[in-house]
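Coordinate-derived values only; no laboratory data. If you're wondering where the values come from, they're calculated on a predicted model, not measured in any experiment. Backbone-built Cβ (ideal geometry, glycine too); neighbour counts: all protein chains shown.
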């Protein structure tokens, strides 16, 4: 794509900007790993929201986190100039904008970072010095691979791995009971896609309990009622975790599981990145498909309705409505069994 790679100094100062949500950040971690492998002496900084900064802490491929507070992926207007001044003082050699928001691109341009790389989408690409042609909304290429493609102007070999270190000093939460597999269910979602009905999650919890699995139900702070109802369906022995203690704690909690079932959410990607087998439940909307948003860790599986992809959900006007109800408990159970460790799966019957 680029006839000649950009030549960076021996000890380059590189800024990587990713300012949206948890799953997006997890799928951006391969960029940091690739940069560190290619430039072991580089100073690698991350520009991110406070919301995701814990995912970047205690990593050997991130030297500095520059975080700001915002309700969304944008830099609030009042923070653009102060943030640009800080970035300018840091004298970065290059910036890679993984998700092109106009306020982020403006901030980096005002910082006068000489090399600014990003996707060639939207009019704001005019603020970049190097553009990589991408049409993410029209592609089935995984988000991680889109991110890695933005390293091509630097001539960097992509390293396709997303790993989150688990802090051993953070206390665990779930209790293992002998050889029974501990399977997590995360029925909540961020509202960006169609979801599996709550009744199906309750049926899954009940089926797992009857199959001899230990069930652990997780959720965000605002999903406490949902967690309680799904856990109740699994009987009195279901364990629960409502995540209001930060992302490091959530990573530690997820690392105790033998498998996790979740919608296409941040916790699904986090579990995969701490080495837990996952089964994602996806809708057939094109921009939400698992080919585009699936975790990239080993042991990942996905279930979606057996219907053609669609551009959006038209509800009852669609001849396949409600396709999400066509995903069966048996399908999900089969995917979970296939991904549990072989010895555990055999003992579970």
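With only alpha-carbon atoms counted, please give the Rg and Dmax of the stretch 13-154, in Å.
13.7, 39
For the stretch 224-249 and the stretch 37-88, write down the distance between their C-alpha centroids in whole Å.
Using only Cα atoms, the two centres lie 32 Å from each other.
Which order do peptides 236-243, 91-98 fall in by mean Cβ count within 10 Å, highest first?
Result, highest mean Cβ count within 10 Å first: 91-98, 236-243.
Any idea what diffusion coefficient the stretch 172-273 gets from Stokes-Einstein, in µm²/s, Kirkwood Rh on alpha carbon pairs, 10 °C, 1.306 mPa s? Show your work: numbers first, answer last.
On the way: Rh = 13.4 Å.
Estimated via Stokes-Einstein, D reaches 118 µm²/s.
Under the definition of Cα pairs under 8 Å and six or more residues apart, what whole-number percent is the relative contact order of the stretch 59-170? Don't skip to the answer; put the middle values down first.
Details: 127 pairs, mean separation 20.4, N = 112.
The value is 18 percent.
Treating each Cα of the stretch 136-230 as an identical point scatterer and ignoring solvent, apply the Debye formula and state log10 I(q)/I(0) at q = 0.18, 0.21, 0.24, 0.25 Å⁻¹.
Here the Debye-derived log intensity ratios amount to -1.01, -1.09, -1.20, -1.24.
Calculate for the chain the 222 nm mean residue ellipticity that helices alone would give, adding -39,500 (n - 2.57) per DSSP H run of length 4 or more and normalising by residue count, nearest 500 deg cm²/dmol.
Helix-only estimate at 222 nm: -8500 deg cm²/dmol.
Hey, what did the chain get for relative contact order, percent, Cα under 8 Å, at least 6 apart? Working shown, then result.
On the way: 722 pairs, mean separation 55.1, N = 349.
Over the chain, the number comes to 16 percent.
Of (1) 21.8, 71; (2) 21.2, 63; (3) 20.2, 62, which is the value of Rg and Dmax of the Cα atoms in Å derived from the coordinates here?
Of the labelled values, this structure produces (2).
Using a 10 Å cut-off on Cβ atoms, rank the peptides 140-147, 12-19 from the highest mean neighbour count down.
12-19, 140-147
Take the Cα gyration tensor of the stretch 235-340, multiply each eigenvalue by 5, square-root it, and list the three semi-axes largest first, rounded to whole angstrom. Spell out each step's value before the answer.
Details: eigenvalues 142, 47, 40 Å².
So the equivalent ellipsoid measures 27, 15, 14 Å along its semi-axes.
What FRET efficiency comes out for the pair residue 330/residue 170, r = Cβ-Cβ distance, R0 = 25 Å, nearest 0.05?
Values: r = 36 Å, r/R0 = 1.44.
Efficiency, from the Cβ-Cβ distance: 0.10.
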